[in-house]
1. Out of curiosity, is residue 140 modelled with pLDDT of 95 or more and under 17 Å from residue 79 (Cα atoms)?
2. Mind checking which strands (runs of 3 or more DSSP E) fall wholly inside region 521-637 and carry at least 2 residues that are out of contact with any Pro (no Cβ under 9 Å at 6 or more places or on another chain), open to solvent by less than 20 Å² (accessible area, probe 1.4 Å) and without any contact (Cβ under 8 Å) to a residue 40 or more places away in the chain?
3. State all residues of region 489-520 that are open to solvent by less than 10 Å² (accessible area, probe 1.4 Å), over 28 Å from the mean Cα position of the chain (by Cα) and of a type in the set (Gly, Ala, Ser); if no residue qualifies, say none.
4. Looking only at region 493-509, count how many residues are under 12 Å from residue 450 (Cβ atoms) and not hydrophobic (A, V, I, L, M, F, W, C).
5. Restricting to region 416-472, count the residues that are hydroxyl-bearing (Ser, Thr, Tyr) and farther than 29 Å from residue 640 by Cβ.
6. Give just the number: which of (1) out of contact with any strand residue (DSSP E or B) (no Cβ under 8 Å at 6 or more places or on another chain); (2) more than 23 Å from residue 645 (Cα to Cα) does residue 567 not satisfy?
7. Could you please tell me which pairs satisfy a Cβ distance under 6 Å, a separation of 6+ or placement on different chains, a first residue in region 113-131 that is basic (Lys, Arg), and a second residue that is at pLDDT 90 or above?
8. For region 206-233, enumerate the residues that are in contact with a helix residue (DSSP H, G or I) (Cβ under 9 Å, 6 or more places away or on another chain) and on the phi < 0 side of the Ramachandran plot.
Amino acid sequence: MKPLVLISFLFTIFTFTASAQLYKYHDWNKTPAFVELSEEESKLPSVAIKEKYLIQYYIATLGNKIRLFETKHNIIRINTDKGIKKHNRVYIPTRNVVKVIDIKARVIQKDGSVKYLDKNNIKELKNVKDYGNFKIFAIEGVTTASQLEYIYTLERNASSLGAVVVQKDYKVKEAEVIIRKPPSRSYRLKPYNGFPDMSFKKVDGGKEALTATIKNIEAMTEEASASPQANRMKVSYQVIGSYVDDYAMWSNLEANIKNTYVAINPSKFKPLIKDYTKYIENKPRETNIQIINNICEYVYGNYNIKRSGENYNLSNLKYIIKSKQATEQGIIKLFSCLFNHENLDYEIVLTSDRNNHKFDADFFSNSNLQIALFYFIEEQKYLRPTYFDSRLNFAPSSTISNNAIFINAEGRRFKIIDVPDASENVVQRDFLITLDTESALPTVQCNHLTTGYRGTNSRGAYKYLKHKDLNEFKNFTAANGIEDAEFLDFKVADEALSLSSENIPFKLNYTYTAESLVEDLGERFILNFGKVIGTQNEFYQEAKRVNPIELGDLITYQYEIKIKIPEGYQAKNVEDAAIDKAVHIEDKLACSFVSHSKIEDGFVIINATEVYNKIYMDIEHYEAYKDVINAAFDFSKKSILFKKI
């Protein structure tokens, strides 16, 4: 994820110094070698034989402008069609790139033949999913048992902060990182997830640089209930003036946020205040929650966010008010101005997406600044201003349990973002199933309510789909996994986005028929009742676990399934619906799936509760956690036999 950088940390260098440009001394071997792999490595889709990163901060002789050059050199063996698919196109991100210095590539076959990149085949992709522009090229000759090698060098906008991620989703036999600076700058480094300490040695060109070499980095596995991206081996670095430390950087950030966002004076923006005042004339405003949500509806209803391209004007509040367009930074200013007008007590929060990087208060980096929020102290709720469906609510699930910096006019503090309890994030579904034995057609009625994140997400999806494709909304909420569901009725209540602020349930009430729920065996029927709860995850086929358990949020699922026993039939194997799986950590319930069943007053009644109370669990608990996940999957396959008396 691209960082939401609210301030640029560039420290001007006044010392005149000279340093050789490192990339000019680095090249591939004129005669390429086809490297042999072990038998085990040859079975993998692809293996990086070498990945090398050269990062140099450079000041020309008699100059004072610092420049940043980055070189990447990869040698990758392709073993299978899957490996070809992964590597036959090379994407080079050019966001914040001043100049592409050079790109070259070649493919080496086992017989020694070489195919070189035709540079006319290098194309440019514009604004790919808001990640900026990319250079892209494919090179002919990439086949199984071939070796791809490429080098590219970019001159980037000089930033004193950076990071190198060396662990990929394929094995890397050797990775080397080299960082070089002018004598007038200082290094600070922070390794993560097993990256080794860096040390000084002479590199290409005979100059000293910080280096580290790591061998046999295993592929990071993409796993459910985990944050593999955040767990990758990497190093963050600062190349700064000797007088600057983390404290100074956080102070610099605090001052910038205060001056740029917190200290906005609404009286200087009278057209905005006049327009807003007219908008809220007939709006409820008895509470701060109502006022905050009125501001959200005003901003999102009148302004657009431009997420790509450079436009200084769209960060300028006066221009924003005239044009009705803003950058992400500009929309934050707009909110701040209106919050100040309403005299609301708020803090600006900067944090990271915990799935990509765990916020580190002890080492300043742009990776810490991926997400901006407003926190309202009295309400103890958050707003994500750059999302159009955002209203006052819990913090985004990607930020909960993560550390963050909170800034207001009085100062700054670091604080862990609270995790909403499982009792605040609920999916409750009460089913009544009846079976017409003449047609073998079941009818399913359901009262369905959701709170917390599930309620918020459902409201957002309904708002988007109700005018586009309501059937899509029905299928993934009410009839997930039941492809032949025919809806007889479908009602929605409490759909307003603002209702999430007080965690008022989002309600659905629907009825459908589905032949696939019943197997007709003549004088017997098998009713697949478990299918009505929707498609469930299952971990039965998963390989050996690599990552510890990390959940998206804490949640409770509650199901009651009442099945009318058809007249003249008896229910068999009712007791098979009973399941009891749980994980306890330090005598506290971490997660569980518990179900039980009974026959009462002509109904089979099945109750099930699935709850997750703990965001993080060590890998030692994985097998027990997997049993809970698989219990929900097993329940979704449960059925009851109705036999004619």
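1. Values: modelled with pLDDT of 95 or more: no; under 17 Å from residue 79 (Cα atoms): yes.
So residue 140 does not fit the description; no.
2. On the way: elements: 524-527, 555-564, 569-572, 579-585, 588-600, 603-612.
The strands (runs of 3 or more DSSP E) meeting that bar are 588-600.
3. 514
4. Residues in region 493-509 being under 12 Å from residue 450 (Cβ atoms) and not hydrophobic (A, V, I, L, M, F, W, C): 6 in total.
5. Within region 416-472, the subset hydroxyl-bearing (Ser, Thr, Tyr) is 423, 434, 437, 439, 443, 450-451, 453, 456, 458, 462, 464.
Next, from what is left, pick out any that are farther than 29 Å from residue 640 by Cβ: 423, 451, 453, 456, 458, 462, 464.
Looking only at that region, the number is 7.
6. (2)
7. Final answer for the pair search is 115/107; 123/136.
8. In the first step, residues of region 206-233 are kept if they are in contact with a helix residue (DSSP H, G or I) (Cβ under 9 Å, 6 or more places away or on another chain); the result is 206-207, 209, 224-225.
Across region 206-233, the qualifying residues are 207, 209, 224.
The values are calculated or read from the model by the stated rules, or taken from the named source; none is laboratory data. Everything numeric here is computed off the predicted structure, so don't read it as measured data. Virtual Cβ from ideal backbone geometry, glycine too; neighbours counted across all protein chains shown. Only protein heavy atoms, including side chains, enter the accessible area calculation; ligands, DNA and RNA are left aside. Shrake-Rupley method; radii C 1.70, N 1.55, O 1.52, S 1.80 Å.
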